[in-house]
Amino acid sequence: MLRFVVPFLGAALSAAWLALPAPAAACGGFFCNNALPVNQAAERIIFADNGDGTVTAVVQILYSGPGEDFAWVLPVPGRPDVGVSSDAVFTALQLQTDPQFQLLRVMDDSCTPPPSSVFVDMGGPVDGSLPGGGGGGVMVVDAGTVGPFDFVILSVTGMPDDPADVAVEWLVEGGYDVADLGPDTLRPYLEAGMNLIAFRLTKGSDTGSIRPIVMTYEAARPMIPIRPTAVAAEEDMGVMVWVLGESRALPLNYRHLVLNEARLNWFQPASNYDLLVSEAADEAGGQGFVTEYAEPTSALQPILPPVLRDFLAPGRWGRTDDVSLVRNVLRQLVVSTAAGPGGFQQTYLDGVRDVVRDFVPLPDELSVDDFLRCPFCAGESGDLGGFDRAAFLEAMDAQAIAPVRDADALLASRPYVTRLYTTMSAAEMTVDPEFDFNPDLPAVPRLRQATLRTTCPQGWDRRTQRLTLASGEVVEIGASGAWPVLGGPAALRFEQLSTSGDPVVLIDNTPTFSDTITRSNETVIAARPPPPTVGGAGGCAAGSGASGALLALLALARRRRRR
């Protein structure tokens, strides 16, 4: 009888097979916060109009609950036929269809930034939130998600009297409870030029998620029975829907929302994208969807790795002993997905844990979870008494692999996929959203771009920055380099879509918001220092000091009169 040995799982584990992260129990060396987190329960659904009067729905519901927040800071140099699906399907599909915001930076040859200046492009996946700002001498160098953690990497810039005080103040204002981590601890590292990386649990990471359910049933069109959800819905619950069909899908009985992308913080898109969608949905009375992506399904990569597509092929697993067989199978069932810049999260396909529990005879002293955390850490090779190799492989194929294989087949069965997103609160869940198709609507790519141009006609200290959106709108950036907080509507347009023809515009906020941008731009321009001038004949120096500010105001007044 093989004896598995449970080793000490120390730092080396992070480089090994970290499959099922342990739940956060005691604070350990972390910095705890007694406040309850503000979590969102998000519902994700995949619909497929099968073209034969039936609809297939794959439904995942995430539940949230109260739990302790924490921070970890250290220096540093994703009668129907009923079945089950896999969280890996939603993770892979979301990663491939997430909107991406790319800021193209263009700098004139006349601009020569000081050596200490650092430019950071905060574009990337839209998932989660960041503490705002970066002022007070702190720059967010990088941010993302890895495993169950959100992280930010901070750099203290400039020459503050005490870089540690500045860093701790930023962390506290950002919601990191670091009371036990005083400035004295961090000061030597910051003074040596090191950065800080701060971790905290992602929202909802202390709660589990049920396994997705897949159902195929007769229906005229896809529909979400949202009204019963109101019983347990949280405020601004996210609803993300993928609709597979012959062409681009549309919300039939809900408004279609076109976001006001000038309200997006293009320097840190993740910081307010979800809030922007929520505000736009609220402006539609909680009954409107944003189209985030619409493209042919041929653009999607298969979810199931090629190595698993013929899992039960004869002779595939050779004549290895029982323990080696289990380990080799588990090696191929780990799902590693990108989780923020430079990070990866690892987990097993749904169903793996249940198969190991039911078919692998582990010794009493070794739990299934301990074994799955690191099946290669220790233990001898050999045979397992009572182990049915064929039953183990068939169960693994049926419970873990087949659901993902079926999802790939579902995606390939329809030529087009549309992703729609909104947030809803309980009081807004009064109408069940229905979805249909319109072949006349254009594709919606995932990539959005804007251009930030920096010019320095008067030198670096007097540089000007202006951002041009794809719509042609120009946003002037102030001397601080921070994105201006623009008021006004979150939805640029409210549209009604139908099964043919172009959108019908119900409300167009473009003129109103253009005025908002104009006023913001005029304020930024008026606040810029006047260009330096050289005294002319008679020793007069025009345009300097208060006179220069007066000239700028007079120029602004003239522009307003012309308008």
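The values are calculated or read from the model by the stated rules, or taken from the named source; none is laboratory data. Computed from a predicted structure; not experimentally measured. All Cβ positions, glycine included, derive from the backbone under ideal geometry; neighbour counts span all protein chains shown.
Annotations
- Taking the conditions (1) modelled with pLDDT under 80; (2) in contact with a helix residue (DSSP H, G or I) (Cβ under 7 Å, 6 or more places away or on another chain) in turn, residue 206 satisfies each one other than (2).
- Restricting attention to the range 500-534 and to residues that are of a type outside the set (A, V, I, L, M), in a loop (DSSP other than H, G, I, E, B) and over 31 Å from the mean Cα position of the chain (by Cα), the residue that is nearest to residue 140 (Cα to Cα) turns out to be 528.
- Scanning the range 73-104 for residues that are under 30 Å from residue 192 (Cβ atoms) and either surrounded by fewer than 16 Cβ atoms within 10 Å (Cβ to Cβ) or at pLDDT below 65 (or both) returns 74, 75, 76, 77.
- Residue within the range 342-359 that is modelled with pLDDT of 85 or more, more than 36 Å from the chain's Cα centre (by Cα), surrounded by 19 or more Cβ atoms within 10 Å (Cβ to Cβ) and farther than 23 Å from residue 91 by Cα present: yes
- Residue that is farthest from residue 278 (Cα to Cα), among those in the range 411-441 that are within 25 Å of the chain's Cα centre (by Cα) and in a helix (DSSP H, G or I): 411
- The listed residue being of a type in the set (A, V, I, L, M, F, W, C) and in the same structural domain as residue 440 (by TED's automatic domain parsing), out of 384, 372, 420, 393: 420
- Of all the residues in the range 284-311, those that are hydrophobic (A, V, I, L, M, F, W, C) and assigned to a strand (DSSP E or B) number 3.
- Whenever a residue of the range 252-265 is outside the structural domain of residue 433 (by TED's automatic domain parsing), it has no partner that is not in a strand (DSSP E or B) lying with C-beta atoms less than 7 angstrom away and at least six residues away or across chains.
- When residues of the range 446-470 are limited to those that are surrounded by fewer than 13 Cβ atoms within 10 Å (Cβ to Cβ) and under 26 Å from the mean Cα position of the chain (by Cα), the one farthest from residue 98 (Cα to Cα): 470
- Scanning the range 471-526 for residues that are buried (at least 17 other Cβ atoms within 10 Å of the Cβ) and hydrophobic (A, V, I, L, M, F, W, C) turns up 475, 477, 483, 490, 491, 492, 494, 497, 513, 517, 524.
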